[in-house]
Amino acid sequence: HLNKTIIAQGVNKNNIKLADLREYANHETKLTLDFHDVQRMDFICAGSLLNKIMAFMAQGKQISIVAPNELIIGLFKVMGITEMATIVRRKY
């Protein structure tokens with residue numbers, strides 16, 4: 001389980017880049033991305049995440065996205081990410 005989030009600069013506390021996702025994914029069959037600290041995500045970053053998710057699915061990996069906010073879930077729906085990854089909604 002990757003602690004915190006793999007997203008774009010300045011969006012989350014740990015400032016982990018999407019490029020780091022490949023290294024994490026090399027060692028896991030089930031990928032869990034924690035979006036708890038992510039406040040927003042732009043369309044370009046979501047597109048990059050979508051491309052990575054599609055590549056991981058082709059490798060037989062399962063992807064879960066935990067605790068995205070409603071704004072990000074909306075973006076994921078538009079992008080089709082919700083069709084490929086399991087979304088675990090926040091508990092308020």
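The values are calculated or read from the model by the stated rules, or taken from the named source; none is laboratory data. Every value quoted in this text rests on a predicted model; they were computed, and no experiment measured them. Side chains included, ligands, DNA and RNA excluded: accessible areas come from the protein's heavy atoms. Shrake-Rupley method; radii C 1.70, N 1.55, O 1.52, S 1.80 Å.
The table for this structure:
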{"item": "Contour minus Cα-Cα distance for Q62 and T86 (0.36 nm per residue)", "result": "7.8 nm"}
{"item": "Probe 1.4 Å, protein heavy atoms only - accessible area per residue of the stretch 35-92 in square angstrom", "result": "58"}
